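Q: Got a structure here, written out as structure tokens. Questions coming.
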Amino acid sequence: MTTSPLDRAADSFATELARQRNARGLSKKQLAVLMGFDPSYVSHVEGRRHRPTEDFARRAEAVLEASGAIWQRFREYDDLRQARNGHPHRELPQPGQWLPPGTGLVVERELASLTHTDEGYRCVIRRELYNAGTEPVTRYLVRVAVDRYPSDPGRSNRHHREHPLTFAELQLRAHRDDGSGEREPMHWRAKHDRDAFKEIWLLFENGDRRFPLYPGDRATIEYAYRVGAEKWGPWFQRAVRLPTRQLAVRLDLPATLDPQVWGAETSLSAEEGPLRTPVQRHDEGDRAVFDWQTDDPPLNARYRMQWRFRGRPEPEHDPAPDDRVRPSDRMRAAGVVQRGDDLLHQPALPFDLPAEEPVARGVVDRLAAALVRLDELHPFSKGVGIAAPQLGIDRAAAVVRPPDRAAEPVVLLNPRIVDVSPDTDEQYEGCLSFFDHRGLVPRPLRVDVEHAQWDGSRIITSYEYGMARLVAHEIDHLEGLLYVDRMTPGVPLVPVEEYRETGRPWRY
């Protein structure tokens, strides 16, 4: 006996409901109670004796936090039901339950395509947006970042200072499609302009009119730009900054260059690791096309595709520095105070905020500038921090740059650790003031830090894993301690020449 499409859609809903319920370890009765239904109702729906209602589907989605999966099955079923009843174009209420509280703009689908051409690289980003908030959206922030030599930050920084990325060469174009077939050009406005990094507001307006994305409405935006091969390194990264249902990435590379592609991902809860699903390749004439996709990526996750052309020789690297110059000598020449200086062994003086705000900002600016200079001396793949005493400044300020170079540096003013996790681990650390060696240092996997804002108010921020280690290291500096003071007695230091983890992140 055959079943109708409507019956099959109802079966799919019941199957998804049971899968989500079992995944959370709930009985049918427990789920019914949480949803506010009679205990037998869930059993009837899963047993196909009752058809799902909109209210039932919404409550199940909210209770099971199914990321929209239950609601999607219901929409498929209800579309067929309405079509059978003569209402093929009925618009269903917008699904809101799968969204985090306070959600505004949502990316329902993103397709990011990068094509290698004779002139360099052309990037096209297409995003299907849904306004789940309560206010109209009038602009959308996009970012363009380049890193010619990602494994050699110093060389890359020098390169981009000498050959900065410009808005003119990007040839940025953007448009909006509201589904009617009309393509509205979008104006744009620069927000940040740096040598290797641009932030740009795409505006929901042009010279003819404004077209905000109102609450409950959907629209597709697409923007494209170009970057020469001399500035674009062999990587393409997508960051999840808004709730996203589906993310797809496509690389279109010349097959004659014999490309090899791989990928990595990282999130707030996990260090960098390989992509969870493989990159798929297919050839189209003389092009090698690589596709990868993920559903419901977590917020703040980052996915990086990398490649190398086996049919092209690798570029030559800069000559190695003179081996007779010690790493600590290079740090000393860069203005970093070295171990043995009394200033590194005494607590730093706190700022009186907000009265000393100009002084504090001046110190932080000097610390941030020092980190930029230091990037030319060493690849800080684990992240890096610097405290004011390391520049000969007896004040309680530090700046920490996360391993992800696109992330904003963390500024710590008058910080103190107020809580730590009971779980610890040991990892090798280096220190700008003791750079000839690496040491195995035990640290908590989480630290809660109370620190001051510019206006003198204090907040508590929690840091985990690698960031917890970096932050704790810098707070030690402000308290007159070096990492050697934290090492287990009897554990030897490792000369930097023998250390084999340079250029690799900490493992958790």
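The values are calculated or read from the model by the stated rules, or taken from the named source; none is laboratory data. As the structure is a prediction and not an experimental result, all values here were calculated from the model. Neighbour counts run over all protein chains shown; Cβ positions are idealised from the backbone, glycine included.
Q: Mind checking which residues of region 39-66 are surrounded by fewer than 18 Cβ atoms within 10 Å (Cβ to Cβ), in contact with a Phe, Trp or Tyr (Cβ under 9 Å, 6 or more places away or on another chain) and either of a type in the set (Asp, Glu) or more than 22 Å from residue 29 (Cα to Cα) (or both)?
A: 54, 65
Q: Taking residue 159 as the residue in question, decide whether it is assigned by TED's automatic domain parsing to the domain that holds residue 240, within 11 Å of residue 196 (Cβ to Cβ) and touching a Phe, Trp or Tyr at 6+ places or on another chain (Cβ under 9 Å).
A: For residue 159, the condition - assigned by TED's automatic domain parsing to the domain that holds residue 240, within 11 Å of residue 196 (Cβ to Cβ) and touching a Phe, Trp or Tyr at 6+ places or on another chain (Cβ under 9 Å) - is met.
Q: On the given criteria, is residue 145 of a type outside the set (Ser, Thr, Tyr) and either in the same structural domain as residue 372 (by TED's automatic domain parsing) or in contact (Cβ under 8 Å) with a residue 60 or more places away in the chain (or both)?
A: Working: of a type outside the set (Ser, Thr, Tyr): yes; either in the same structural domain as residue 372 (by TED's automatic domain parsing) or in contact (Cβ under 8 Å) with a residue 60 or more places away in the chain (or both): yes.
It is true that residue 145 is of a type outside the set (Ser, Thr, Tyr) and either in the same structural domain as residue 372 (by TED's automatic domain parsing) or in contact (Cβ under 8 Å) with a residue 60 or more places away in the chain (or both).
Q: Please go through region 472-505 and pick out each residue that is of a type in the set (Asp, Glu) and either at pLDDT below 85 or in a helix (DSSP H, G or I) (or both).
A: Answer for region 472-505, where residues must be of a type in the set (Asp, Glu) and either at pLDDT below 85 or in a helix (DSSP H, G or I) (or both): 474, 476, 485, 497, 498, 501.
Q: Taking the options 399, 418, 372, 359, name whichever one is crowded, with 17+ Cβ neighbours inside 10 Å, in contact (Cβ under 8 Å) with a residue 12 or more places away in the chain and of a type in the set (Val, Ile, Thr).
A: Residue meeting the stated conditions: 399.
Q: Is it the case that some residue within region 442-452 is surrounded by fewer than 17 Cβ atoms within 10 Å (Cβ to Cβ) and within 28 Å of residue 265 (Cα to Cα)?
A: Checking region 442-452: at least one residue is surrounded by fewer than 17 Cβ atoms within 10 Å (Cβ to Cβ) and within 28 Å of residue 265 (Cα to Cα).
Q: Out of the residues in region 348-397 that are of a type in the set (Asp, Glu), within 32 Å of the chain's Cα centre (by Cα) and not in a helix (DSSP H, G or I), state the one that is nearest to residue 456 (Cα to Cα).
A: It comes out as 375.
Q: Check every one of the strands (runs of 3 or more DSSP E) wholly within region 216-274 and list those with 3 or more residues that are touching a Lys or Arg at 6+ places or on another chain (Cβ under 7 Å) and in contact (Cβ under 8 Å) with a residue 60 or more places away in the chain.
A: 218-228, 235-239, 246-254
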